[in-house]
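Report on one structure; see the data block that follows.
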Amino acid sequence: MHYKTFSAFVILLLSCFCANAQQKNLKPLGKKGKLIWKDEFNGTGLPDSTKWGYETDFVRNNEKQFYTKARIENCYEENGNLVIESKKENYKGASYTSASINTLGKHSFTGDIRIEVRAKIPDGKGIWPAIWMMGSDVKKVGWPRCSEIDIMEFVGHTPNTVWGTLHWWDSTSTEANKHLSNGSKLYFDDLHTHFHVYGMERKGNKIQLFVDNHYYFEFTVPPTAYPASFTGPLYLLINTAIGGSWGGPIDDSIFPQKYYVDYVRVYRLKK
């Protein structure tokens with residue numbers, strides 16, 4: 001989601017590969033371990049308030065949506081899914097509404113873990129859904145010191161492509177805020193018609209991203225990173241942004257758009 005900037009995105013572009021061309025070379029997932037936290041979204045109405053809070057208002061990246069709080073029109077459970085519905089409507093000075101839910105202050109994830117989120121993502125120019133994590137110390141140390149793991153991002157101006165990216169503070173960076181990033185991307189022809197499982201594994205200072213049954217990106221935290229980058233407690237965010245610095249121009253004819261999440265599951269990995 002690029003909490004405040006994506007000026008180091010060139011690093012990501014240089015490291016990308018096409019999954020269709022290299023699918024046979026992807027490493028299959030290992031054992032899941034013990035399930036320690038989940039939400040199956042089997043209720044009705046608003047998501048479970050003991051698990052999820054909300055970002056509200058205009059938040060970052062010059063995005064055009066107003067993130068609403070506990071507003072049933074934008075975020076609800078239905079038919080076994082969480083639905084984040086993005087709308088074209090006038091609301092508190094914005095022309096669009098959407099939702100961004102997170103576990104900050106409710107649950108953080110420590111140690112060696114696997115996160116799995118089964119989702120079907122929205123489509124269209126200007127749409128920018130994401131599944132991501134940041135350090136739970138974000139309010140204390142700020143971004144990018146808190147570190148950020150973008151498990152999945154899609155931007156409507158780049159069809160059939162999902163991105164996984166890591167952002168962190170690094171003493172070697174030439175940027176004013178010492179931001180660096182790295183990651184990869186995958187191509188699919190059914191992103192908006194089928195569910196896929198997007199996920200992340202953390203073992204010590206190693207991060208691996210995966211989609212469905214295969215890893216596609218691996219990262220080891222460098223010694224030049226801010227202390228505890230990626231290795232401390234993390235919280236989870238799920239949202240749909242509209243427009244902004246990476247979302248780009250918006251096609252108003254696409255609305256409303258629905259982002260479906262079947263489940264979130266967190267496992268404690270075995271040693």
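Of note:
- Taking the conditions (1) outside any strand (DSSP E or B); (2) modelled with pLDDT of 95 or more in turn, GLY183 satisfies each one other than (1).
- Here the range 245-266 is the region considered, the condition is being outside any strand (DSSP E or B) and under 19 Å from the mean Cα position of the chain (by Cα), and the residue that is farthest from LYS51 (Cα to Cα) is GLY248.
- The range 85-112, subset touching a Cys at 6+ places or on another chain (Cβ under 9 Å) and farther than 23 Å from GLY135 by Cα, residue surrounded by the fewest Cβ atoms within 10 Å (Cβ to Cβ): GLU85
- Only a single criterion out of (1) under 15 Å from THR231 (Cα atoms); (2) out of contact with any Pro (no Cβ under 6 Å at 6 or more places or on another chain) is not satisfied by LYS185, namely (1).
- Every pair of residues 6+ apart whose Cβ atoms lie under 6 Å, when the first sits in the range 213-235 and is at positive phi while the second is in a loop (DSSP other than H, G, I, E, B) and among the small types (Gly, Ala, Ser): PHE230/SER147
- Among the residues listed as ASN160, ASN239, ASN213, the single one being in contact with an Asp or Glu (Cβ under 9 Å, 6 or more places away or on another chain), under 30 Å from ASN81 (Cβ atoms) and exposed (fewer than 15 other Cβ atoms within 10 Å of the Cβ): ASN160
- Checking each residue in the range 126-154 for being β-branched (Val, Ile, Thr) and closer than 17 Å to PHE230 by Cβ picks out ILE131, VAL138, VAL141, ILE149, ILE151.
- When THR193 is tested against (1) closer than 29 Å to PRO47 by Cα; (2) buried (at least 20 other Cβ atoms within 10 Å of the Cβ), only condition (2) is not met.
The values are calculated or read from the model by the stated rules, or taken from the named source; none is laboratory data. All values derive from a computational prediction rather than experimental measurement. Positions of Cβ are generated from backbone atoms using ideal geometry, with glycine treated the same way; all protein chains shown enter the neighbour counts.
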